[in-house]
Amino acid sequence: MLTNCDANATFGVLPAVLEGVCEELSGLGNPSSIHRAGQRARAVIEEARDAVRAVVGAGPRDLVIWTSGATEANNLAIRGFARVALRRSILTSPFEHPAVLETVRAVVGGGGATLRMIPTQGHELSLDAISELADGVGVVSLMLANNETGVISPMPSIVATIRRASPGALIHVDAVQAVGRIPVSFSEWGVDAVSLSGHKLGAFSGVGALVMRAGLMIEPEITGGSQEEGLRAGTQPVPAIVSLLRALSALKEGGGVAGRAARMAANRAAFLRGLGESGAAPTVSPETPTLPNTISLRVPGVAADDLVVAADIHGVLISSGAACSSGTQRPSPVLLAAGLSEHAARETIRVSVTDDADSDQFYRAGKIIAACIARLSGKRAK
Ligand code: PLP
């Protein structure tokens, strides 16, 4: 049996999702067709849009644009906003996922905008710098919770600061790791767009969404048919959308975001109890708010990649950085931006638990990691 302590890479399809989807798909046509099979599919994807609005705190008039995942949703927001923004500058941070950073760099490199980078203070953004940097900015793209460290940014105050400095700025939030784990308040915070991804929530990969305020100017990335308000052409991925609807229903039935967060926190605590006095130390201070399921741990004297392989042999999935960069020779840019040395970054693992297994399993996973650490560092397991 595998223990998924790498939920931030992918949550794994929830059993309730797998069971429900196959039956539901029969009789669903192309949502653009006017016959009954098409209309049934249309009804399901509209129901899923409502569920997405609910989980991010959006209102009934806000748009939910289906995409293939969060990378595409981030591209749509950043490129689509950059093309229409009156002011040609983009504000972002070194902590962002490559789906944001590389997209911003591409827009800037193509002469579409100038770049404004928020300085970091350890694992957090320098909030004092934001007011000055946001002055007159056109587009903002920032994450709510970091995929490698779990650190949560104080979005309400960041948004308020940006709105004071540049009232017309288009603000995009990459909420991929936050949705379903901590509250997201799209309307209350007054942001313009939020990205999310199905496979981080227990649904299939192949679906994501950009939630966007209605009436905003944005240029589409993918042109063709008139699906998704003309903002994302192509037949919608109905099976993946159905899986996302099922995953969001399972979240609701399990006590919503608060229920999942509590189970995740209990599982993370059980993992840490199992880990005991292994020498692994959190890289983020306990005072810094983090996602309930994530912990970044440095293991002095042990290469993170070796630990990932050793843990895998014993059925525990962890990672040595973000899934998209682990396996590369470069140390994590996120950890370097947080002030870790290259050496320390190479000794840092990410543990990100799910809530769909019990705490005992995560306790055992912690013990397995402790034994792997002892072996790799040439010590005897305690
Ligand atoms: N943004 C963040 C913060 C992520 O963690 C990820 C995936 O790890 C993405 C964007 C990209 O999501 P997707 O895999 O749906 O393209």
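The values are calculated or read from the model by the stated rules, or taken from the named source; none is laboratory data. Remember, predicted model here, so these are calculated numbers, not experimental data. Glycine gets a Cβ as well: all are built from the backbone with ideal geometry, and neighbour counts include every protein chain shown.
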Legend entry - Residue in the stretch 84-108 that is surrounded by the most Cβ atoms within 10 Å (Cβ to Cβ), counting only those that are away from the ligand (no atom under 16 Å from the Cβ) and at pLDDT 95 or above: Ile90
Inset, instruction - Report the residue count in the stretch 120-138 for those that are farther than 18 Å from Asp192 by Cα and either over 24 Å from the mean Cα position of the chain (by Cα) or in a loop (DSSP other than H, G, I, E, B) (or both). - result: 8
Inset, instruction - Mind listing whichever residues of the stretch 79-97 are outside any loop (DSSP other than H, G, I, E, B) and under 16 Å from Ala145 (Cβ atoms)? - result: Thr92
Inset, instruction - Could you look through the stretch 1-47, keep only residues that are in contact (Cβ under 8 Å) with a residue 60 or more places away in the chain, assigned to a loop (DSSP other than H, G, I, E, B) and away from the ligand (no atom under 16 Å from the Cβ), and pick out the one that is farthest from Ile349 (Cα to Cα)? - result: Ser32
Legend entry - Answer from Ala322, Ala374 - the residue that is among the aliphatic types (A, V, I, L, M), farther than 27 Å from Ser153 by Cα and either in a loop (DSSP other than H, G, I, E, B) or modelled with pLDDT of 95 or more (or both): Ala374
Legend entry - Out of Val17, Val55, sole residue that is closer than 30 Å to His314 by Cα, crowded, with 17+ Cβ neighbours inside 10 Å and either modelled with pLDDT under 95 or β-branched (Val, Ile, Thr) (or both): Val17
Inset, instruction - Could you check how many residues of the stretch 52-78 are within 16 Å of the ligand (Cβ to nearest atom), more than 18 Å from Gly234 (Cβ to Cβ) and not in a helix (DSSP H, G or I)? - result: 0
Inset, instruction - Inspect the stretch 193-211 for any residue being within 16 Å of the ligand (Cβ to nearest atom), part of a loop (DSSP other than H, G, I, E, B), closer than 30 Å to Leu28 by Cβ and over 14 Å from the mean Cα position of the chain (by Cα) and give the result as yes or no. - result: yes
Inset, instruction - Filter the stretch 247-287 for residues that are of a type in the set (D, E, K, R) and either touching an Asp or Glu at 6+ places or on another chain (Cβ under 7 Å) or more than 25 Å from Ser205 (Cβ to Cβ) (or both) and give the result. - result: Arg260, Arg263, Arg273, Glu277, Glu287
Inset, instruction - Please identify the pairs in which a residue from the stretch 91-117 that is closer than 15 Å to Leu133 by Cβ has its Cβ atom under 9 Å from the Cβ atom of a residue that is within 15 Å of the ligand (Cβ to nearest atom) and acidic (Asp, Glu), counting only partners at least 6 apart or on another chain. - result: Phe95/Glu148; Glu96/Asp174; Val104/Glu96
Inset, instruction - Please list, ordered by first then second residue, the pairs with beta carbon atoms under 8 Å, 6 or more apart or interchain, first in the stretch 62-77 and touching a residue at least 12 places away in the same chain (Cβ under 8 Å) and of a type outside the set (Ser, Thr, Tyr), second assigned to a helix (DSSP H, G or I) and within 8 Å of the ligand (Cβ to nearest atom). - result: Ile65/Ala73; Gly69/Gly198; Gly69/His199; Ala70/Ala99; Ala70/Lys200; Asn74/Ala99; Asn74/Val100; Asn75/Ala99
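Just to be sure, is Val176 part of a helix (DSSP H, G or I), under 20 Å from the mean Cα position of the chain (by Cα) and in contact (Cβ under 8 Å) with a residue 12 or more places away in the chain?
no
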